[in-house]
Number of protein chains: 2
Amino acid sequence: MKICNYTFEKFMDIVKFFHGYEAPGMIVGGFMVDYVLKNIPEGELFDAICETSSCLPDAIQLLTPCTIGNGWLRIVNLGRYALTLYDKDNGNGIRGFLDLSRMDDYSEIKSWYLKLKKKKEQDSNLLLEQIREAGSTLCSLEPVIVQSQYMEKRKKGMIAICPMCKEAYPFKDGDKCRACMGESPYL
Amino acid sequence: MKICNYTFEKFMDIVKFFHGYEAPGMIVGGFMVDYVLKNIPEGELFDAICETSSCLPDAIQLLTPCTIGNGWLRIVNLGRYALTLYDKDNGNGIRGFLDLSRMDDYSEIKSWYLKLKKKKEQDSNLLLEQIREAGSTLCSLEPVIVQSQYMEKRKKGMIAICPMCKEAYPFKDGDKCRACMGESPYL
């Protein structure tokens, strides 16, 4: 049983290194990404949409060329545990999602996924065991077509220097940068 | 010259593996993250804010424990090439930004940063050489305090099952999931 090119153990190591800890969502996510990857046309240049900001984006970043920083991964946070890999050119893609109808044999996964138990009541060894056993069988696939506005690449355009903070910013934002217009996250 | 625990060459390898190519912004970003890390209190548990979605988030994800998927990295996209690492508890942080006043000796970096030349007119060897030579000297630091609303952790809360798509979603979103309410990115 492998997750992309990694053994299960190696993937767990990478998850720990990158994500900080072996989160159940990361391991489930690894199987999901692997499964979707196996079902898109070979050699296709694809982008990714992730429908949650929890865990799954990290599985996508580790197992595909798509990252937040290179712009090939976009998070459309709908709170669903699902991802789509789609053709950069025409938007045709495969969406993989966690399928509740496939969880009946895996009570601990179902409890975790639907938050039926408090965290401290979870049996994390059993959960991990079930995730490993279930592999990608929890994931269902469907063909989708991504709307064109979600396929647009970000473009900074011309760069200006902010008269207030003296830093570079996108000219299209206005006569000063958005931080100096009041959007700064700092006091 | 190292970038965190990596030699320059090793960091370039990791960048290529994760980000897909040796983007100038990733290498500049590596030096920036390294510099900010060296200037926060040792052993501090920190979160990260990144003020751009281009390149820099990947340098943060590779060099710190903060990722998009674990929620310790938040992108507040102001279009400025800057990051802040701050104390999870009290919001006290150090902000590192690319400082235009420090670029006078590095004409190719300045051209790249302010987009003064078209991409095909850039001298990418000279650019890389200058980035390597400049290291973290292009980066200035300032103390900041992060506003409390930017420090809040995302919480999904209770989980419901969408009557339309049959997938799990955050109960607080309403009587069906936001995709089925019309926010789906698919046709």
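Since every read-out is calculated from the coordinates, none of them should be taken as a lab result. Just so we're clear, the structure is a prediction, and the values are computed from it rather than from any experiment. All Cβ positions, glycine included, derive from the backbone under ideal geometry; neighbour counts span all protein chains shown.
Only Cα sites of segment B:104-187 enter the Debye sum here, all with the same form factor; the resulting log10 I(q)/I(0) across q = 0.16, 0.24, 0.25 1/Å is -0.72, -1.15, -1.17, listed in q order. In angstrom, the C-alpha Rg and Dmax of segment B:76-133 are 14.9, 47. Which one of B:VAL33, B:SER53, A:GLY182 is farthest out on the positive end of the charge dipole of the protein assembly as shown, using unit charges on Cβ (Lys, Arg +1; Asp, Glu -1) and the Cα centre as origin? Farthest along the dipole direction, towards plus: A:GLY182.
The share of Cα pairs per 20 Å bin across the protein assembly as shown, counted from zero up to the longest distance, runs 27, 57, 16, 0 percent. Sorted shortest first, the distances from the B:TYR21 label point to those of the same residue in the other copies are 3.9 nm; each point sits 7 Å from Cα along Cα-to-Cβ. Computed from Cα atoms, the angle from the helix A:124-134 axis to the main principal axis of chain A rounds to 90 degrees. Applying the criteria of a DSSP loop state and at most 16 other Cβ atoms within 10 Å to the trypsin sites (Lys or Arg not before Pro) of segment A:146-187 yields A:LYS153, A:ARG154, A:LYS155, A:LYS156, A:LYS166, A:LYS176. The residue of chain B whose Cβ sits closest to the rotation axis that maps B onto A, together with that distance in whole Å, is B:ILE68, 3. This ranking places A:ILE75, A:ILE60, B:ILE131, B:ILE14 by how few other beta-carbon atoms lie within 10 Å of each, fewest first, which gives B:ILE14, A:ILE75, B:ILE131, A:ILE60. With label points set 7 Å from Cα along Cα→Cβ, the inter-copy distances at B:ASP99 are 5.7 nm, sorted shortest first. For B:LYS172, place a label point 7 Å from Cα along the Cα-to-Cβ direction in every copy; what are the distances to the other copies, in nm, shortest first? Ordered by increasing distance: 3.2 nm. For chain A, the longest principal axis of the Cα atoms and the long axis of helix A:8-19 meet at an angle of about 30 degrees.
Restricting segment A:104-152 to GluC sites (Glu not before Pro) that sit in a DSSP loop and have at most 16 other Cβ atoms within 10 Å of their own Cβ leaves A:GLU152. Values of log10 I(q)/I(0) for chain B across q = 0.11, 0.13, 0.14, 0.17 Å⁻¹ run -0.59, -0.76, -0.83, -1.06, by the Debye formula with one identical scatterer at each alpha carbon and no solvent. Please give me the summed charge of the neighbours of B:ILE161: other residues whose Cβ is under 15 Å from its Cβ, Lys and Arg +1, Asp and Glu -1. Combined, the nearby Lys, Arg, Asp and Glu give +4.
Mean residue ellipticity, 222 nm, helices only, the protein assembly as shown: the sum of -39500 (n - 2.57) across DSSP H runs of n ≥ 4, divided by residue count and rounded to 500, is -8500 deg cm²/dmol. Qualifying chymotrypsin sites (Phe, Trp or Tyr not before Pro) in segment A:14-105, where qualification requires a DSSP coil assignment and no more than 16 other C-beta atoms within 10 Å, comprise A:TYR21. Set the Cα radius of gyration of segment B:1-48 against 2.2 N^0.38 Å, with N its number of residues, and you get 1.22. Look at the dipole of segment B:2-150 built from charges on Cβ: of B:LEU116, B:GLY96, B:GLY69, the Cα furthest out on the positive end belongs to B:LEU116. Pairs of Cα atoms nearer than 8 Å and 6+ residues apart set the relative contact order; for chain B it is 17 percent. Counting only alpha carbon atoms, the long axis of helix B:24-38 and the longest principal axis of chain B meet at about 80°.
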